[in-house]
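Visitor: Please find one structure pasted underneath; my questions will follow.
Read the figures in this text as sums done on the coordinates, not as results from a lab. Predicted model, so just to flag it, every value in this text is computed and none were measured. A quick note on method: Cβ atoms are made from the backbone with ideal geometry, for glycine too, and the neighbour counts reach across all protein chains shown.
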Amino acid sequence: MAIHHGDRLVYLVTGASRGIGLEYVKQLLERGHHVIAAARNPEKSGGLTTLAEQHGSQLTLVTMDVAVPASIQAAATSISEAFPEGIDVLINNAGISGTIVKSSEQDGDEFKDILMINSLGPFLVIKAFLTLIRKGSKKQIVNISSGLGSIATAAHYLNGGPSKLGPLKGADSPMAKRQLGYRASKAALNMTTVALAVDLQEEGITIIAMCPGWVDTDMGSGAAGMLGVAKPPLTAPTSVAMQLKVVDGLNLEKSGTYFNHEGNVVPF
């Protein structure tokens, strides 16, 4: 059955069961938009089920595992039937961090899994939903990346130079030699963003990469102890509120840009 959303914008958020994704769902619902929340097991997310009880038909829960192409396609099929008028904004958020080990000790199988979920998965989501995005009024895609995916920033480590990533202060930082899989996956996502921005620009589709900052979530807090801090500096509500200000200001001229949550341009 088709869902008629009237004047509401329709947002699709992946990785919506917790953390940044769940916070996106909360704040978009508070704004009055219709939100499609996609997750591997949405019915097991207490946060999503509570929001569904509070917002009723304004929220649509969809099962989607970005590591499984067939799951992505099945979700696209069901959403196409429910939202034939299209999707306005895709928040491509699903991702994993992997084990925090030295780069030379990165497990190959885990590396492959990280690339699948953080790099190939988001591309397959875009590809599966592109027809719906073309129909939308906003035609926007936000790929949630990371400052750790910036090759330009990482290059400073070679010369012992400073980084702009808070506690990641240079070559002597505990993180300088770690998280190869995560970093490479986000760098690949950034390239995907730029390549698709060039390809889709003539169709009026805006696509950006977004660094949410270091956020106090289950995934983001993993490195806190290693860096000698109690917890990451940003809460999910603060980060997402700032990200949404950036998203609100998007236009086609900004397509292909790598932003942080403050709206500053991050070097690729």
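Visitor: Please compute the net charge surrounding I133, taking Lys and Arg as +1 and Asp and Glu as -1 over other residues with Cβ under 14 Å from its Cβ.
Guide: Result for the local shell: +1.
Visitor: Here's another thing I want to ask about it. So what are the ³J(HN,Hα) numbers for the stretch 88-97, from phi and the Karplus equation (6.51, -1.76, 1.60; θ = phi - 60°), rounded to whole Hz, Gly and Pro as x?
Guide: Here the 3J(HN,Hα) series is 7, 9, 9, 9, 8, 9, 4, x, 9, 9 Hz.
Visitor: Kirkwood hydrodynamic radius (Cα pairs, Å) of the stretch 43-146?
Guide: With all distinct Cα pairs of the stretch 43-146 included, I get 15.4 Å.
Visitor: Here's a follow-up. Could you tell me the ratio Rg/Rh of the stretch 10-260? Both radii from Cα atoms, Rh via Kirkwood.
Guide: Checking Rg against Rh, the ratio lands at 0.96.
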